[in-house]
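The values are calculated or read from the model by the stated rules, or taken from the named source; none is laboratory data. Just so it is clear, the structure is predicted and the values come from calculations on it, not from any experiment. Note that each Cβ is placed from the backbone with ideal geometry, even for glycine, and that neighbours are counted across all protein chains shown.
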Amino acid sequence: MGERIRTHVKEIARLESMIRNILDSSPAIVVALDADGRIWYMNRQGETFFQVTSQEIKGKRIQSLDPNLKSYGKRIKDVLTSSQPQLIRAETWLKNRMVDGTIYPLSTNGVEGVVVQWLDVSEKYRAREVYRKRLEQIFSQMDDLIYVVDKNYRIEMMNDKFAKQTKGKQADLPCYILSRNLDKVCPDCHFPEVRGGKIVRERILNPLDKRYYDVLSIPLFNEDGSISKLTVQRDVTEYVAIQEALKASESAFRALFEGAPVGMCVHQDGKFVMVNKAMGKIVGYQPRELAGVSIFEIVHPDDREFVKKRLKKAYGEGKLAAVARERFLGKDGSTVEVLVTGIPFTYHGKKAVQTVVIDLTEQIRLQNSLLRSEAFSSQILEKALDPILVLKPQTLEILEANLPAVQFFGLPEGELIGKSYFEFVSPEELWGVRKGMKIVEAEGSISISGRHLRLPGGDCIVNLSVVQVKTPEGEDRHVVFIKDLTEFMTLQQRLAQAQKQESLWQMAGGFAHDFNNLLAIMFGYLDMMALTDDASRWKDYTRKLREVSIRARDLVQNILLFSRENRGELTNTTVDEVIFSAINLVRPALDPRHNLTIDVQNPNDVIYVDTSQMVQVILNLALNARDAIGEGKSGVISLCARRRNLSGDKAKHRGLRSGRYVEFSVEDTGPGIPEEIRDKIFDPFFTTKIKDAKKGTGLGLAIAQSIVKNFSGGIELDTTPEKTVFRVLIPLKQEGAEKPVAFDQGEAVSGEGLILVVEDEHTLQIILKEMLEELGYTVQVSDNGKEAIEEIGKGTHKPDLVILDLAMPEMGGEETMEKMMQIHSDLKVIIMSGLVDNDTQTRLLKKGAMAFVKKPVTITGLSRIIHRVMLEQ
């Protein structure tokens with residue numbers, strides 16, 4: 001009996017040793033506690049972790065290992081009471097290590113306790129955190145809306161895109177509040193299905209932003225056994241719109257297919273799937289009769305092998321079957337000549353070919369007729385009144401020319417044939433010609449207006465119409481029809497000038513009235529100066545006389561600017577210059593009861609126009625406004641200028657390029673333009689007034705429109721029974737340019753040196769001499785050019801500067817300057833005149849003149865110009 005007990009004890013000891021070895025080799029920390037939380041065993045992993053032996057800690061409470069374990073007293077009681085294990089998840093305590101574990105109930109030999117197993121999972125959670133952050137970074141870079149919902153429908157995580165859509169709302173709010181602003185779970189929520197492990201895909205229309213989303217909901221299995229939902233929402237609004245557009249496109253395609261004037265069909269595996277009416281008509285069948293029929297049933301037997309090879313290429317290689325001539329069999333057995341092309345595509349998921357068929361029956365008839373009429377066509381070409389050329393593409397070599405063309409180019413036919421058309425093109429238009437020829441090659445034709453040709457007899461302006469044709473041999477040719485516009489353009493310029501003179505005639509009374517008023521003011525101040533010796537009153541009178549004189553000067557200069565011949569010289573001009581010049585011309589022509597209002601928003605904006613012509617446009621519109629209100633009636637005429645942007649369809653609709661424009665508008669409070677004549681108002685010679693010199697000839701609006709088009713602009717009309725507005729759009733060249741200070745403002749600039757004044761008007765000669773001497777200069781005067789040249793030729797005193805009148809008897813200013821410079825090539829000359837055009841100014845400056853002064857001139861303005869010229873080398 002004793003031996004059996006000893007054997008049993010040894011076996012128990014062996015088992016205990018085995019259990020201890022197993023526990024010591026475990027990676028987990030294992031601690032056995034009694035019901036009071038006292039330690040009676042700890043394995044080797046625990047001894048290593050806590051740096052204490054099992055014997056040293058035996059009998060001590062668990063918190064002696066780590067103060068954070070004090071709460072385990074309650075946990076032990078809970079486990080012993082329930083007899084159920086308790087999980088430990090992500091618990092952090094000693095050394096800031098994180099552990100997972102389990103508390104197991106233990107009952108042996110009537111002693112109750114627990115076994116606690118901890119596993120150091122710090123690295124695992126750290127890696128998980130790194131993975132989570134990396135995942136969040138990936139999610140944040142995605143364009144999709146991504147968020148995770150826990151079992152209570154609260155947002156656990158969201159990416160930046162979703163956060164932006166929710167406008168920064170708190171992430172722990174329920175998903176139905178954040179995504180749809182509801183107070184309860186969405187009625188179509190799929191979370192119950194996701195909890196069951198199902199992946200759900202759906203497309204929704206979000207009621208908040210009215211956009212479509214494809215939604216993917218995926219179950220996420222958590223360690224605690226719960227299931228969260230990962231939701232990915234992709235905005236597919238544009239895709240849905242494209243799908244709808246595709247449906248509409250399919251509908252449009254079917255309508256086009258059915259209504260096409262040429263034969264069209266779709267076939268798969270060599271059998272008809274779709275046939276339109278035109279195709280059925282070509283072969284004499286109803287479309288439904290061909291459905292499912294082999295295409296070879298209508299192909300002529302002699303062409304079937306050829307068609308098979310084409311179909312093999314289309315189906316097998318997916319390549320376009322080029323246009324080819326084939327023969328079909330009609331239902332009545334007749335042979336039909338056709339042109340056929342095949343386009344491979346996918347139809348309902350299978351390879352198919354869409355075929356276009358053109359019936360050549362009528363074309364063959366016409367070709368035969370054309371061949372018979374070649375002689376007739378040659379006669380037409382030769383007897384045409386306008387020049388016609390036949391050119392070779394690329395080189396534009398002249399291959400043929402009719403008699404009017406030979407006469408127009410002024411060369412014998414033998415010399416003209418073989419020359420390149422480029423030889424007759426001005427250098428600045430070569431690029432435009434090359435561009436035009438590319439358009440002809442791409443589109444088949446082009447019309448070009450206002451081209452310049454350089455001919456032996458002189459330059460001319462033409463309209464060109466170019467079409468591309470093929471010779472019987474299939475070679476391309478460009479046929480050029482030429483219309484000489486030189487005489488027409490000259491007449492058009494004369495017409496514009498005549499209309500301008502008409503406008504001046506209408507305004508003459510107003511100008512005379514304003515100018516006489518200014519003269520009356522001048523005489524009044526002069527009379528008052530003669531009656532007083534008071535120096536202060538004299539100073540006030542002279543200041544007022546100067547102001548009135550400047551007004552008179554500006555009035556005359558505006559009349560001269562407007563009345564000069566139009567030469568189409570484009571220059572940089574400010575909006576303010578155009579408006580100011582127009583106002584000075586318009587105001588005298590208005591009825592006293594007409595109120596003129598001005599609103600210029602950006603006066604220093606720059607446009608590239610002929611100033612005189614632009615003023616003429618504003619004036620024509622203003623005179624129309626005046627006539628619309630009526631003589632003797634009250635009304636308002638508003639002249640405005642502002643910036644305006646035109647882009648896309650807005651510009652295209654007006655026939656203009658996209659960009660920035662200056663809008664000049666002229667508005668009147670007249671009765672408006674009747675609807676039945678609105679389309680005619682820009683027609684030449686159309687007028688609702690009696691055609692006489694006072695009322696006009698109906699050219700004003702037509703010429704205004706022509707001028708504006710030359711500036712790459714346009715005119716708009718807006719009219720109602722209460723008012724009419726004309727809007728003129730001119731391209732804006734430069735925004736907000738700074739306006740220079742007028743040269744005749746500010747203080748006069750004094751100087752020194754010898755100045756020779758050559759002026760035939762004695763009174764003006766005297767005042768110029770006195771003004772210059774007042775400025776500090778020594779002055780010599782000459783009455784004419786000959787006398788001035790003699791004075792300079794003496795060589796006694798070379799003048800530092802010559803002020804030379806342009807218009808003088810016997811020897812004019814230009815000739816005088818040339819002869820002076822033959823004596824002294826470095827002589828400084830200022831030309832002075834009351835009336836001169838831009839060409840003359842440019843010519844004189846090129847010949848050596850240093851500056852140009854327009855009469856009348858103020859002492860301040862003259863002093864500044866002299867000062868600048870004196871400083872120049």
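Where residues in the range 63-96 are assigned to a strand (DSSP E or B) and out of contact with any helix residue (DSSP H, G or I) (no Cβ under 9 Å at 6 or more places or on another chain), which of them is farthest from E129 (Cα to Cα)?
Once the filter is applied, the top-ranked residue is L87.
Screening P67 against (1) modelled with pLDDT of 85 or more; (2) farther than 30 Å from G225 by Cβ; (3) not aliphatic (A, V, I, L, M) leaves a single unmet condition, (1). One residue is enough: does the range 91-110 have a residue meeting the conditions hydrophobic (A, V, I, L, M, F, W, C), more than 26 Å from F191 (Cβ to Cβ) and in contact with a Gly (Cβ under 6 Å, 6 or more places away or on another chain)? Within the range 91-110, one or more residues are hydrophobic (A, V, I, L, M, F, W, C), more than 26 Å from F191 (Cβ to Cβ) and in contact with a Gly (Cβ under 6 Å, 6 or more places away or on another chain).
For the range 1-44, residues that are modelled with pLDDT of 65 or more and part of a loop (DSSP other than H, G, I, E, B) total 7.
Of all residues in the range 578-611, those being part of a helix (DSSP H, G or I) and either in contact with a Lys or Arg (Cβ under 6 Å, 6 or more places away or on another chain) or at pLDDT below 85 (or both) number 11. Filtering the range 760-781 to residues that are touching a Gly at 6+ places or on another chain (Cβ under 8 Å) and either part of a loop (DSSP other than H, G, I, E, B) or touching a residue at least 60 places away in the same chain (Cβ under 8 Å) (or both) leaves L775, G776, Y777.
Taking residues in the range 59-71 that are under 17 Å from R97 (Cβ atoms), and partners anywhere that are among the β-branched types (V, I, T) and part of a helix (DSSP H, G or I), the pairs with Cβ atoms closer than 9 Å and at least 6 places apart or on different chains are I62/I76; L65/I57; L69/I62.
Here's the yes/no breakdown for (1) within 54 Å of the chain's Cα centre (by Cα); (2) within 21 Å of K769 (Cβ to Cβ):
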| position | (1), (2) |
| --- | --- |
| E814 | yes, no |
| Q822 | no, no |
| I831 | yes, yes |
| T840 | yes, no |
| L845 | yes, no |
| G848 | yes, no |
| L862 | yes, yes |
| I866 | yes, yes |
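Scanning the range 135-168 for residues that are modelled with pLDDT of 75 or more and loosely packed, with under 13 Cβ neighbours inside 10 Å yields D143, N152, K164.
Condition check ((1) surrounded by fewer than 16 Cβ atoms within 10 Å (Cβ to Cβ); (2) modelled with pLDDT of 90 or more; (3) over 18 Å from V586 (Cβ atoms); (4) of a type in the set (V, I, T)) across all residues:
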residue: N620; (1), (2), (3), (4): no, no, no, no
residue: N624; (1), (2), (3), (4): no, no, no, no
residue: G630; (1), (2), (3), (4): yes, no, no, no
residue: K633; (1), (2), (3), (4): yes, no, no, no
residue: V636; (1), (2), (3), (4): yes, yes, no, yes
residue: N645; (1), (2), (3), (4): yes, yes, yes, no
residue: D649; (1), (2), (3), (4): yes, no, yes, no
residue: G655; (1), (2), (3), (4): yes, no, yes, no
